[in-house]
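First the structure, in the form of structure tokens, and then the observations on it.
The values are calculated or read from the model by the stated rules, or taken from the named source; none is laboratory data. Here the structure is a predicted model, which means the values were calculated and not measured. Cβ: placed from backbone, ideal geometry, glycine included. Neighbour counts: every protein chain shown. Please note that ligands, DNA and RNA were not included when accessible areas were found on the heavy atoms of the full protein model with its side chains. Shrake-Rupley method; radii C 1.70, N 1.55, O 1.52, S 1.80 Å.
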Amino acid sequence: MLSVRGLTKAYGGRVVVEDLDLDVAAGEVVSLVGPNGVGKSTVLRCLVGLETPDAGEVHLGEARLDTRVPQTRRALCTVLGDLGLLPDLTVAEHLDLLARAHGVEGVAEVVAGALDEARIEHVADQLPTTLSSGQAQRFALASAMVRPWALLVADEPEQRLDDAGRAWLGDWLAAHAATGRAVLVASHDPDVVARSGARVVQIEGDA
Ligand SMILES: Nc1ncnc2c1ncn2[C@@H]1O[C@H](COP(=O)(O)OP(=O)(O)OP(=O)(O)O)[C@@H](O)[C@H]1O
């Protein structure tokens, strides 16, 4: 589903990612692992168009991954810690808007299901800026539950989750992959990686 060839990225002349090849198949969870600063987030950001690589090609299916293409935006879901928020909308209203924007049917049920599964139904009427850090991360994950996607790209999705939340996350990632979706994460949590059934890709470097 996702194919990366020769990805290279430098900042200020310092090469952070060099000639990386990576494939993520439908039905698979892949986890990038490696020490702080080795370039995991940079890889993810280059893949989804938040950074411009210096070299390399990224394909989603047969086509070059281009987030200007509406079908690509629909197929690609990101949880990268930069959730765009509308200041006047509650948690539930954000999820509702997201589901509607993606043409989801049965929006009310879908949103209620996501609030329940992410265990944030009790804060559904709060503004996202008032959430605790763990609740905010659950909200970010709930955002991925209310919309269609074929590929999820998530940077340390376990961040700020409690033990139960990390266990749920690992199972949730595995369950989605089992439906034929593809998941690419960067993670520092061996339990989440193991529980999700991820194939581990070690990112090497001189971080
Ligand atoms: N915009 C930038 N300008 C300059 N250097 C950057 C920039 N973004 C990242 N870097 C550097 O690139 C390197 C890789 O950073 P990156 O965030 O990809 O690492 P990481 O493997 O995700 O780390 P962590 O495990 O700590 O999240 C680091 O040395 C970082 O300081």
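Selection within region 24-36: residues that are under 16 Å from the mean Cα position of the chain (by Cα) and not β-branched (V, I, T). The member of this set that is most open to solvent (accessible area, probe 1.4 Å) is A26.
You will find that of G180, G170, G134, G197, the residue that is surrounded by fewer than 21 Cβ atoms within 10 Å (Cβ to Cβ), away from the ligand (no atom under 16 Å from the Cβ) and in a helix (DSSP H, G or I) is G134 and no other.
None of A154, A150, A142 is touching a Leu at 6+ places or on another chain (Cβ under 8 Å), within 16 Å of the ligand (Cβ to nearest atom) and closer than 26 Å to P70 by Cα except A154. Farther than 23 Å from T72 by Cβ and of a type in the set (K, R): does that describe R119? Spelling it out, R119 is indeed farther than 23 Å from T72 by Cβ and of a type in the set (K, R). Put simply, of T78, T90 the only residue that is out of contact with any Lys or Arg (no Cβ under 6 Å at 6 or more places or on another chain), surrounded by 15 or more Cβ atoms within 10 Å (Cβ to Cβ), of a type in the set (S, T, N, Q) and farther than 26 Å from V192 by Cβ is T90.
Of the residues making up region 112-121, none is under 30 Å from D66 (Cβ atoms) and open to solvent by 10 Å² or more (accessible area, probe 1.4 Å). List every residue pair whose Cβ atoms lie under 8 Å apart, where the two residues are 6 or more positions apart in sequence or sit on different chains, the first residue falls within region 74-92 and is over 18 Å from A114 (Cβ atoms), and the second residue, located anywhere, is outside any loop (DSSP other than H, G, I, E, B) and open to solvent by 80 Å² or more (accessible area, probe 1.4 Å). Going by the 8 Å Cβ cut-off, the qualifying pairs are P87/T129. Looking at region 12-129, the helices (runs of 4 or more DSSP H) lying wholly inside it that each contain 1 or more residues that are within 16 Å of the ligand (Cβ to nearest atom) sit at 40-47.
The residues listed here are L50, L60; of these, the one that is closer than 13 Å to V153 by Cα, touching a strand residue (DSSP E or B) at 6+ places or on another chain (Cβ under 7 Å) and either open to solvent by 40 Å² or more (accessible area, probe 1.4 Å) or not hydroxyl-bearing (S, T, Y) (or both) is L60.
Q202 meets all of the listed conditions (1) within 15 Å of the ligand (Cβ to nearest atom); (2) touching a His at 6+ places or on another chain (Cβ under 8 Å) but one, namely (2). Select, from G6, G13, G39, the only residue that is farther than 18 Å from R199 by Cβ and surrounded by 15 or more Cβ atoms within 10 Å (Cβ to Cβ). Just a single option satisfies the conditions, and that option is G39.
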